[in-house]
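Participant: Structure in structure tokens, see below.
The values are calculated or read from the model by the stated rules, or taken from the named source; none is laboratory data. Quick caveat, the model's predicted, so the values are computed rather than measured. With ideal geometry, Cβ positions are generated from the backbone for all residues, glycine too; neighbour counts draw on all protein chains shown.
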Amino acid sequence: MTFLRHSNRRCGFNLLELLAVIATIAILAALLLPVLERARNKAQQARCTSNLRQLGFAWVMYFTDNNGRLVESYPVNNPNAWVLGDMTKPSEATNTTLIVQSKLYHYNNSVEIYHCPSDQGVRVAGKVRPSVRSYSMNSFMGARDANTGPIPSFADKYISFYAKESDLRKPASLWVLLDEDEKSINDGFFVPDPTGRMWIDFPANSAHRHHFSYSLSFADQHAEVWRLQDPRTKQVSSAKTEQSANHDLERLARASATLK
């Protein structure tokens, strides 16, 4: 007669073993999450730089088609500005039609290239709202009425604006478009201080925006990523913040305009 014997081997884990497994998984996750976050930031930064490079190509094609005349950046009552729309106005912040109507859209039919993938949106009336555009143009690029005067008003020792491609003395050293911070962006007209004393508008300077770095496209069609070095830059949260001797501010100033 055959008797069935029950195995004494237990199945599964006891509580201590389960806790050990959970602890191991938690440690691995803690080690992997920063790596994954850095990889995500790198991917977003690469996409952002690619967007600005493509917009830079469109900017070049525009003046090639218009006898060397640069697309205008001055936005006030100007339908010829490179892009329309104010990102602080809810009805315009999400309006892709304003992108489609832009002067550069004809050269690259993509709405997506106007938006940084790490841009979380603008805060309007206490609420964060998504926005269709993250980039703005150097206010010195493109002609405007000379009676407007220098912008900013104390930049009288600098060339007021570059109307034509031939006006650009050192195109590799002059930026055209950059990644602007959500706390700064409104219209597509980025006003730098060529004297390097004040952040009037300011580029992306948040941890979630490529870990305190931003991308720029230059007049010779190349693009760069600039990492913020001065700790004070990370504290900027409003327009017209004075920070003399700030390395980041001075670097952007040198690339914004040239003396008369």
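Participant: If only one of Lys103, Lys89, Lys164 is charged (D, E, K, R) and touching a Gly at 6+ places or on another chain (Cβ under 9 Å), which one is it?
Facilitator: Unique residue meeting the criteria: Lys164.
Participant: Here is a further query. Just wondering, is there one or more residues in the range 94-115 that are in contact (Cβ under 8 Å) with a residue 40 or more places away in the chain, touching an Asp or Glu at 6+ places or on another chain (Cβ under 9 Å) and crowded, with 21+ Cβ neighbours inside 10 Å?
Facilitator: Within the range 94-115, none of the residues are in contact (Cβ under 8 Å) with a residue 40 or more places away in the chain, touching an Asp or Glu at 6+ places or on another chain (Cβ under 9 Å) and crowded, with 21+ Cβ neighbours inside 10 Å.
Participant: What's the total number of residues in the range 169-223 that are in contact with a Lys or Arg (Cβ under 7 Å, 6 or more places away or on another chain) and on the phi > 0 side of the Ramachandran plot?
Facilitator: 1
Participant: Determine if the range 206-215 includes at least one residue that is assigned to a loop (DSSP other than H, G, I, E, B) and under 22 Å from Tyr105 (Cβ atoms).
Facilitator: Filtering the range 206-215 for residues assigned to a loop (DSSP other than H, G, I, E, B) gives 206-212.
Filter once more, keeping what is under 22 Å from Tyr105 (Cβ atoms): none.
Taking every residue of the range 206-215 in turn, none turns out to be assigned to a loop (DSSP other than H, G, I, E, B) and under 22 Å from Tyr105 (Cβ atoms).
Participant: Criterion first (modelled with pLDDT under 95, surrounded by 15 or more Cβ atoms within 10 Å (Cβ to Cβ) and over 15 Å from Met137 (Cα atoms)) does Lys89 satisfy it? Let's see the steps before the verdict.
Facilitator: Numbers: modelled with pLDDT under 95: yes; surrounded by 15 or more Cβ atoms within 10 Å (Cβ to Cβ): yes; over 15 Å from Met137 (Cα atoms): yes.
Yes, satisfied.
Participant: A follow-up question, please. Got at least one residue in the range 202-211 being more than 15 Å from Met137 (Cβ to Cβ), at pLDDT 95 or above and hydroxyl-bearing (Ser, Thr, Tyr)?
Facilitator: No, there is no match, as no residue in the range 202-211 is more than 15 Å from Met137 (Cβ to Cβ), at pLDDT 95 or above and hydroxyl-bearing (Ser, Thr, Tyr).
Participant: Is there any pair with a first residue in the range 213-233 that is over 14 Å from Leu174 (Cβ atoms) and a second that is among the charged types (D, E, K, R) and part of a strand (DSSP E or B) whose Cβ atoms are under 9 Å apart and which are 6 or more apart or on different chains, and what are they?
Facilitator: Here the result reads Ser213/Asp179; Ser213/Arg227; Tyr214/Asp179; Tyr214/Glu180; Tyr214/Arg227; Ser215/Asp179; Ser215/Glu224, each pair linking the range 213-233 to a residue that is among the charged types (D, E, K, R) and part of a strand (DSSP E or B).
Participant: Is it the case that some residue within the range 134-144 is crowded, with 20+ Cβ neighbours inside 10 Å, under 20 Å from Gln54 (Cα atoms), at pLDDT below 95 and touching a strand residue (DSSP E or B) at 6+ places or on another chain (Cβ under 8 Å)?
Facilitator: no
Participant: Turning to a different aspect of this structure: Only one residue in Asp220, Asp193 is surrounded by fewer than 18 Cβ atoms within 10 Å (Cβ to Cβ), in contact with a Ser or Thr (Cβ under 9 Å, 6 or more places away or on another chain), modelled with pLDDT of 95 or more and assigned to a loop (DSSP other than H, G, I, E, B). Which one?
Facilitator: Asp220
Participant: Among the residues that make up the range 234-242, is at least one of them without any contact (Cβ under 8 Å) to a residue 24 or more places away in the chain and surrounded by fewer than 16 Cβ atoms within 10 Å (Cβ to Cβ)?
Facilitator: yes
Participant: For the range 64-83, give me each residue that is surrounded by 19 or more Cβ atoms within 10 Å (Cβ to Cβ) and out of contact with any Phe, Trp or Tyr (no Cβ under 6 Å at 6 or more places or on another chain).
Facilitator: Within the range 64-83, Glu72, Tyr74, Ala81, Trp82, Val83 meet the criteria.
Participant: Does the range 123-142 contain any residue that is out of contact with any Ser or Thr (no Cβ under 7 Å at 6 or more places or on another chain), among the aliphatic types (A, V, I, L, M) and closer than 30 Å to Ile159 by Cβ?
Facilitator: Checking the range 123-142: not a single residue is out of contact with any Ser or Thr (no Cβ under 7 Å at 6 or more places or on another chain), among the aliphatic types (A, V, I, L, M) and closer than 30 Å to Ile159 by Cβ.
Participant: With respect to the numbered conditions (1) small (Gly, Ala, Ser); (2) buried (at least 19 other Cβ atoms within 10 Å of the Cβ); (3) at pLDDT below 95, which one is the sole condition not fulfilled by Ala58?
Facilitator: (3)
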